[in-house]
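Below: one structure, written as structure tokens.
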Amino acid sequence: MEAGRTLRVAVIRGDGIGPEVVAAALPAICDAAAHDGVAVVCEELDWGGERLLRTGAAMPPDALDLVRAHDAILFGAIGHPQIDPAESVWSLVLPLRKGLELYANLRPVVGWDGLWSPAREGVEVDFLVVRENTEGEYSGIGGRAHAGTPLEVATEVAVHSRPAIERIARCAFLHARERGQLLTLATKSNVNRHGYGLWDEVVFELGAREFPDVALEKNYVDALATRMVARPESLGVVLAGNLFGDILSDLGAPFAGGLGMVPSANVAPGLDVPGFFEPVHGSAPDIAGKGVANPLATVLSGAMLLRENGCPAGAGALETAVAAAIRDGAVTADLGGRATTAEAGEAVRAALPAAVTP
Ligand code: NAD
Ligand code: IPM
Ligand code: MN
């Protein structure tokens with residue numbers, strides 16, 4: 001991004017630990033953008049559970065237009081103790097991902113020096129889950145009949161379309177090419193032969209046609225789950241549908257130090273829409289309000305936000321500062337430290353390398 005420019009960020013703190021981790025991470029993210037000569041201008045959007053309880057809706061009716069006026073969205077988490085979790089997620093996160101057509105959910109898992117991980121000594125973990133983010137098991141199509149009777153029946157229809165598979169596959173191939181890594185397709189086409197059968201066909205056709213230089217393999221998702229735990233170093237880019245990608249990204253989290261360490265980007269390569277950047281974790285009601293949540297997944301989501309918006313120096317500075325905070329032990333209890341959420345965020349901010357004005 002051109003120096004002297006501003007980056008307009010919509011900030012949605014959300015519920016539970018969302019406001020705590022965003023408050024701790026945001027100053028470091030804003031400071032880091034100075035490394036690219038960019039000033040971050042934030043607009044606070046009070047969307048989430050409290051607003052839903054107050055007004056009946058978590059977001060205003062023109063929410064999509066409001067966020068489209070920004071370059072990016074930084075989000076904490078959704079999930080309020082007084083609201084049904086399904087109502088919560090269908091009131092904010094899913095409408096934004098789907099409504100903006102943010103079809104690619106990128107969830108990197110990287111091991112950090114100094115953090116415990118289940119990986120064997122000396123094994124380097126660095127893989128990226130590329131998750132389809134608009135359809136699959138998250139189509140929202142379904143219903144119930146014979147409610148409350150012994151014959152009650154429910155459907156939850158998974159939708160897999162050729163264009164959606166093709167665009168997410170192209171995104172995954174491009175990442176595999178750039179990272180110089182193997183692409184592993186996670187499906188369950190041995191059972192779901194219609195939907196995941198289409199995935200296998202479309203991904204292998206696209207590979208042969210446009211990415212003959214990228215090594216591609218298929219791994220049924222059940223076997224892949226074992227492999228992720230036993231040999232995480234054998235994975236590079238993992239391409240998965242919506243539900244498998246959700247599960248696999250949480251499964252991989254311990255290799256990065258846990259759910260408090262894994263960031264994500266919801267983006268739409270080729271479409272002119274703001275990306276939506278959020279930690280992989282949720283609102284963590286068990287620790288909300290205690291000031292102990294780890295803000296580093298949000299800091300690292302901020303690094304993804306900066307990198308996607310032409311601020312690579314700021315992104316790198318944040319990652320360097322996170323490594324330094326870990327080295328100095330200025331981390332929260334989930335990582336074995338004693339820092340509060342605010343202190344951990346402040347430690348990252350203080351560890352940012354000095355910005356060189358471009
Ligand atoms: P969760 O990710 O909120 O918590 C799982 C466990 O990880 C908890 O023990 C929690 O304390 C711990 N944890 C999570 N983030 C942490 C952090 N930053 N630092 C330290 N520990 C952390 O998942 P859950 O308990 O299954 O879900 C709680 C609520 O969050 C539900 O309502 C769910 O729907 C929602 N949720 C929202 C999102 C989102 O907003 N994107 C993501 C996942 C879950
Ligand atoms: C995540 C969450 C969401 C998902 C929920 C909150 C809709 O688990 O971001 O991983 O399933 O995608
Ligand atoms: Mn999840």
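For the chain, I need the span (max minus min coordinate) of the C-alpha atoms along each principal axis, in Å, sorted largest to smallest.
Extents along the principal axes: 56, 51, 40 Å.
What ³J(HN,Hα) values, in whole Hz, does the Karplus curve 6.51 cos²θ - 1.76 cosθ + 1.60 give for segment 261-275 when θ = phi - 60°, with x put for Gly and Pro?
Values per residue, Gly and Pro as x: 10, 9, x, 8, 10, 9, 9, 9, x, x, 10, 8, 9, x, x Hz.
Report, for the chain, the % of DSSP beta bridges that are antiparallel, rounded to 5. Let's see the in-between values first.
Values: 20 of 48 bridges.
If we restrict to bridges inside the chain, about 40 percent are antiparallel.
Mind putting a number on the dipole of the chain about its Cα centre? Charges go on the C-beta only, +1 for Lys and Arg and -1 for Asp and Glu, and I need it in Debye to the nearest 20. Can you show the working numbers first?
Details: 28 positive and 45 negative charges, 63 e Å.
About 300 debye.
List every residue whose amide H lies under 5 Å from the amide H of V40, counting only residues 5 or more places away in sequence or on a different chain, with H placed 1.01 Å from N in the peptide plane.
L7
Going by a ≥ b ≥ c, the root eigenvalues of the Cα gyration tensor, does segment 122-167 fall in the rounded group (a/c under 1.5), the prolate group (a/b larger than b/c) or the oblate group?
Numbers: a/c = 5.87, a/b = 2.03, b/c = 2.90.
Taking the square roots of the gyration eigenvalues as a ≥ b ≥ c, segment 122-167 is oblate.
Please arrange H70, H194, H80 by counting, for each residue, the other beta carbons lying within 10 Å of its beta carbon, fewest first.
H194, H70, H80
Place the peptides 180-187, 82-89 in order of packing, highest mean first, counting for every residue the other Cβ atoms within 10 Å and averaging per peptide. Kindly include the intermediate steps, with their values, before the conclusion.
Values: 180-187: 21.2, 82-89: 14.5.
Answer by packing, highest mean first, reads 180-187, 82-89.
List the residues, sorted by chain then number, that are 5 or more residues from L239 or on another chain and whose placed amide H is less than 5 Å from its amide H.
Sorted by chain and number, the residues that satisfy this are V130, T184, L185, A186.
If you filter segment 135-171 for GluC sites (Glu not before Pro), then keep DSSP loop positions with at most 13 other Cβ within 10 Å, what is left?
Listed in order of number, the matching sites are E152.
The chain: longest stretch without exposed trypsin sites (Lys or Arg not before Pro) (DSSP loop, at most 13 other Cβ within 10 Å), sites themselves excluded? The partial results should precede the final answer.
Values: sites that count: R120, R193, K290, R338.
So the longest stretch without any such site is 1-119.
A short reminder: the numbers here are calculations on the coordinates, not readings from a lab. Owing to the predicted nature of the structure, the values given are computational and were not obtained by experimental measurement. Glycine also receives a Cβ, built like all others from the backbone with ideal geometry; neighbour counts cover every protein chain displayed.
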